[in-house]
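Visitor: My questions will all concern the structure given below.
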Amino acid sequence: MILSLSEDKLIEYIIKQLNNFFPDKQIELTEDIKESFKISLSRLEYCFGFIKNSAYNKEGIVTFDHLHTDQYLQFIYFWANTHWRMGYDENFSKKLGNLHRYLSGMFLSYKCALPDIFFIFHSVGTVIGNATYDNFLVISQSVTINTGDIIENIRRPILGKGLYLGTHAKIIGNQTVGDYVSIGVEATSYNNDVPTNSTIIRNEGKDIQRKRKSSSCYAQRFFNVDIQKYIYTKDMYIQKLLNRK
C-alpha cells in the first residue's frame, strides 16, 4: 500500500490531532496503540483493494492519502473500532471516534460493526447506527440507519450484501433488507422487510418498492469484483488479526 505519509509520520500526525482536540490528558505512544494502528492499516488496505475508484486503488495498487477526507475518516473508524475490539484503553477509541465526528460531521460509533468491505463518500450529515451489516456496502451523504433492537442475539436492522444507500436514504426500524438492494435519493424503508434484488425510490412524495430490473445492482459500480459471485473468505484473517492479543 502506498501511503502519503510514512507509518511513523502518520501515527504521529493523528496523535497530535488527538492531543490538540482533547487536551485533558496527553496521549503517549504505547505498544497497544502501535499494534492497533498496524492492524487498522491492514484492515484499510484490504477494504480499499476492492474499491474501483482510482484514488483508492489504481491498477491494483492500494493508495491511502491522509489528506483525502473520506479515506482518512475511514481509517480513523477502523482504528477506533480495532483498538476497542482488541480490549485496549476505551478512552483512546472514544477520542478517535469523537475526532471522526468532528472532522466528518457524521455519527459513527467506534462500537459499530461495519463490514470489512465498504465505501462511504461525501459523509456529511450521515448517521450510522448499530445494525447488522454485510460486505460491499455503499453509503453516500446524509444517510440515516437507525439503531435497532437486539432480538434473539441478532442486532436489527439486518442489512444484506451489496446495499447501496443514496443521498438522504433512510432505514428505520427492526427490519431485514436483502442482498443487492438500492435505496435511492430521499427514499425510506420504514419497518418493512425488503426482498433481495429490490429497489426503493421516492416519487411524488411516496416510497415505491419494486424488483430490480437490471442484472447488476447499483453498488456494483463502486467495486472491482463481481459482488454477486465473489466468495468472501477473508473474515477469518481479519478475526485472527483482531484476536491475536
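Visitor: Within region 1-53, work out how many residues are hydrophobic (A, V, I, L, M, F, W, C), surrounded by 13 or more Cβ atoms within 10 Å (Cβ to Cβ) and part of a loop (DSSP other than H, G, I, E, B).
Guide: Looking only at that region, the number is 5.
Visitor: Being open to solvent by less than 50 Å² (accessible area, probe 1.4 Å) and either of a type in the set (Phe, Trp, Tyr) or modelled with pLDDT of 95 or more (or both) narrows it down to one residue among Asn81, Asn98; which is it? Before the answer, list the steps.
Guide: Numbers: Asn98 fails: open to solvent by less than 50 Å² (accessible area, probe 1.4 Å).
Only one candidate qualifies: Asn81.
Visitor: Let me ask something else about it. Checking the conditions here, which among Thr167, Thr147 is open to solvent by less than 60 Å² (accessible area, probe 1.4 Å) and either within 26 Å of Gly125 (Cβ to Cβ) or not hydroxyl-bearing (Ser, Thr, Tyr) (or both)?
Guide: Values: Thr147 fails: open to solvent by less than 60 Å² (accessible area, probe 1.4 Å).
Unique residue meeting the criteria: Thr167.
Visitor: Examine region 72-95 for a residue that is closer than 19 Å to Thr126 by Cα, polar (S, T, N, Q) and out of contact with any strand residue (DSSP E or B) (no Cβ under 8 Å at 6 or more places or on another chain), and state whether such a residue exists.
Guide: yes
Visitor: Within region 101-118, restricting attention to residues that are of a type in the set (A, V, I, L, M, F, W, C) and open to solvent by less than 20 Å² (accessible area, probe 1.4 Å), which residue is nearest to Gln141 (Cα to Cα)?
Guide: Checked region 101-118; the qualifying residue nearest to Gln141 (Cα to Cα) is Met106.
Visitor: When the residues of region 119-140 are narrowed to those that are β-branched (Val, Ile, Thr) and under 18 Å from Gly160 (Cβ atoms), which ends up most open to solvent (accessible area, probe 1.4 Å)?
Guide: Kept after step one, since they are β-branched (Val, Ile, Thr), are these residues of region 119-140: 120, 124, 126-128, 132, 138-139.
Still in the running and under 18 Å from Gly160 (Cβ atoms): 120, 128, 132, 138-139.
Values: Ile120: 16, Ile128: 1, Thr132: 46, Val138: 0, Ile139: 1 Å².
If we take residues in region 119-140 being β-branched (Val, Ile, Thr) and under 18 Å from Gly160 (Cβ atoms), then Thr132 is most open to solvent (accessible area, probe 1.4 Å).
Visitor: If I filter region 182-192 for residues that are open to solvent by less than 10 Å² (accessible area, probe 1.4 Å), closer than 26 Å to Phe48 by Cα and either without any contact (Cβ under 8 Å) to a residue 40 or more places away in the chain or in contact with a strand residue (DSSP E or B) (Cβ under 9 Å, 6 or more places away or on another chain) (or both), do I get at least one hit? Explain how you work it out, then say what you get.
Guide: Let us first name the residues in region 182-192 that are open to solvent by less than 10 Å² (accessible area, probe 1.4 Å), namely 183, 187, 189.
Those left that are additionally closer than 26 Å to Phe48 by Cα: 183.
Imposing the further condition that a residue be either without any contact (Cβ under 8 Å) to a residue 40 or more places away in the chain or in contact with a strand residue (DSSP E or B) (Cβ under 9 Å, 6 or more places away or on another chain) (or both) reduces the set to 183.
Looking for residues that are open to solvent by less than 10 Å² (accessible area, probe 1.4 Å), closer than 26 Å to Phe48 by Cα and either without any contact (Cβ under 8 Å) to a residue 40 or more places away in the chain or in contact with a strand residue (DSSP E or B) (Cβ under 9 Å, 6 or more places away or on another chain) (or both), one finds at least one in region 182-192, hence yes.
The values are calculated or read from the model by the stated rules, or taken from the named source; none is laboratory data. What you are looking at is a predicted structure, and each value in this text was computed from that prediction instead of being measured. Virtual Cβ from ideal backbone geometry, glycine too; neighbours counted across all protein chains shown. What goes into the accessible areas is simple: the full protein's heavy atoms, side chains included, and nothing from ligands, DNA or RNA. Shrake-Rupley method; radii C 1.70, N 1.55, O 1.52, S 1.80 Å.
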